[in-house]
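Worksheet for the structure shown next.
The values are calculated or read from the model by the stated rules, or taken from the named source; none is laboratory data. The structure displayed is predicted, hence computed values, not measured ones. Cβ coordinates were reconstructed from backbone atoms using ideal geometry, including for glycine residues, and neighbour counts include every protein chain displayed.
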């Protein structure tokens, strides 16, 4: 069997960083990253982007050397993606924050409100309900991160954890401050408004969870395959008929429910910002699906049926 | 933000591609820049005349405020130009710069009448006027492909003094406005209310002042980089994410 020689150059400076001889033709890009890591300990595989062309797309870890358009002396280019952090770590941190922060406001821990209110509880039952819903939402997210989601990427850039936590924690504190405030005003239409809102919230939470399960079942454990998601026997997944990313649709719905339940402008604002971000992601995902699959159902919109 | 799936493709900004815009866009931009140059020149003349006739800066702001509001507000079009692509500058950079001007004009000097005669107001007005006349005439000549070197020089050198001085004028003005805002409680919303939100304009202004700390250096460094590129032909290797 003929062995390959692999040289790795810096994509920007073209400097020779590493020369690997006697590489198996069946070696994967992932294995080559491991070998590169041995000579450059600071660049662990997750932060390596290896390409055929300095300005080209990153090769996948699963790509096999002999299937690449290279000769037996292969020249590969390296770009440092910067310090990386695992998706699981980021998700756990960004979701644990709102859970705990909200509770601090709910229990009126000192130094938030006037001292005479320390450790008191709200007299409005909707405030207790809101705390349960908010906490349930983030506990659900934490459990999904640990047991449901199958991530295609292992890591993301380290700076994302600061951006993401600032967003989630900041908004959680801002919302929680007003909902749990001693001068909080309950919804204008009282019990009716709260009940309707609760139904919307729960419906969408179940919907969102159903979609997460359906997406998980699309992908066998440990694999990174991509398939078109379809409705299953669960009626909550029938939204797949009309929308590419029903998980985002349901998520927006949950927060709309929470907004109506609390009648709190900061919550409305958080819902709006989340909707904008999820629409951007949904449009990207929708475009990816259309590019990858010829037979993609034409009736589907990215996030809102027939609209967006 | 943690993104949905990303296929790993890298987009490199190609800075060497020759960019062309439609004749219609060219005509509009030329008109726009000539009009803005003229507008800020009118402001400059009005300010000089006022000062020479009255011998004081008191009442100067009031005399030019309509013209200032008109031309400064018109500048929001520049954000649109970037968004549509007929001007090749970052929408965010332009957005931040225009927003800070709009904020100063409408939410500080226009709304808080008691600070209109502060010296710091005159300071930033002078800075803005000189900066804008230079900038808009630069764009005009650039579009007509007849850029005199001295305008290019002015555009990429005067900012080194004008930018920090302007920022100083703006910050001093906001600082002077603080006690008035706190006392009057203007533009503020208190609890309880049916939307369960509150807003304190006084603390908001303090946050605005603090935000100059991260924002101003970035904008200034952006201008310095532009200066090195344009005047000294330096090539910058873009840092892609």
- Lone qualifier among B:165, B:197 - being in contact with a helix residue (DSSP H, G or I) (Cβ under 8 Å, 6 or more places away or on another chain) and within 30 Å of residue A:189 (Cβ to Cβ): B:197
- Note on the structure: Selection over region A:144-169 where residues are part of a helix (DSSP H, G or I) and more than 13 Å from every other protein chain (Cβ to nearest Cβ) yields a count of 4
- Query: What single numbered condition from (1) surrounded by 14 or more Cβ atoms within 10 Å (Cβ to Cβ); (2) touching a helix residue (DSSP H, G or I) at 6+ places or on another chain (Cβ under 9 Å) fails to hold for residue A:52?
  - Reply: (2)
- Query: Yes or no: residue A:267 buried (at least 19 other Cβ atoms within 10 Å of the Cβ) and either part of a helix (DSSP H, G or I) or without any contact (Cβ under 8 Å) to a residue 40 or more places away in the chain (or both)?
  - Reply: yes
- Query: If you go through region A:35-47 one residue at a time, do you hit one that is in a strand (DSSP E or B), within 14 Å of chain B (Cβ to nearest Cβ) and modelled with pLDDT of 90 or more?
  - Reply: no
- Note on the structure: Those residues of region B:71-88 that are more than 14 Å from the chain's Cα centre (by Cα) and surrounded by 13 or more Cβ atoms within 10 Å (Cβ to Cβ) come to a total of 4
- Message: Residues that are in a helix (DSSP H, G or I), within 14 Å of another protein chain (Cβ to nearest Cβ) and in contact with a helix residue (DSSP H, G or I) (Cβ under 6 Å, 6 or more places away or on another chain): does region A:129-137 have at least one?
- Response: yes
- Message: Suppose we keep only residues that are within 14 Å of chain B (Cβ to nearest Cβ) and assigned to a helix (DSSP H, G or I) within region A:174-193. Which one would you say is farthest from residue A:269 (Cα to Cα)?
- Response: A:190
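Yes/no per residue for (1) within 14 Å of another protein chain (Cβ to nearest Cβ); (2) touching a residue at least 40 places away in the same chain (Cβ under 8 Å); (3) loosely packed, with under 13 Cβ neighbours inside 10 Å:
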{"position": "B:141", "(1), (2), (3)": "no, no, no"}
{"position": "B:148", "(1), (2), (3)": "no, no, yes"}
{"position": "B:176", "(1), (2), (3)": "no, yes, no"}
{"position": "B:196", "(1), (2), (3)": "yes, no, no"}
{"position": "B:210", "(1), (2), (3)": "no, no, yes"}
- Is region A:49-66 home to any residue that is modelled with pLDDT of 90 or more, in a helix (DSSP H, G or I), within 14 Å of chain B (Cβ to nearest Cβ) and touching a strand residue (DSSP E or B) at 6+ places or on another chain (Cβ under 7 Å)? no
- Kindly indicate whether any position in region A:246-258 is within 14 Å of chain B (Cβ to nearest Cβ), in contact (Cβ under 8 Å) with a residue 40 or more places away in the chain and in a loop (DSSP other than H, G, I, E, B). no
- Message: Considering only region A:7-26, I want to know if a residue exists there that is free of Cβ contacts under 8 Å to residues at least 60 places away in the same chain, within 14 Å of another protein chain (Cβ to nearest Cβ) and surrounded by 15 or more Cβ atoms within 10 Å (Cβ to Cβ).
- Response: no
- Query: Which condition breaks for residue A:84 when tested against (1) closer than 14 Å to residue A:9 by Cα; (2) at pLDDT 90 or above; (3) buried (at least 17 other Cβ atoms within 10 Å of the Cβ)?
  - Reply: (1)
- Task: Take region A:67-101 and flag every residue that is part of a strand (DSSP E or B), touching a helix residue (DSSP H, G or I) at 6+ places or on another chain (Cβ under 9 Å) and more than 12 Å from every other protein chain (Cβ to nearest Cβ).
- Result: A:74, A:76, A:78, A:84
- Of the candidates A:208, A:247, A:164, A:180, the one satisfying the condition of being out of contact with any strand residue (DSSP E or B) (no Cβ under 6 Å at 6 or more places or on another chain) and under 30 Å from residue A:82 (Cα atoms) is A:164
- Query: Out of all the residues in region B:212-229, which are touching a residue at least 24 places away in the same chain (Cβ under 8 Å) and within 14 Å of another protein chain (Cβ to nearest Cβ)?
  - Reply: none
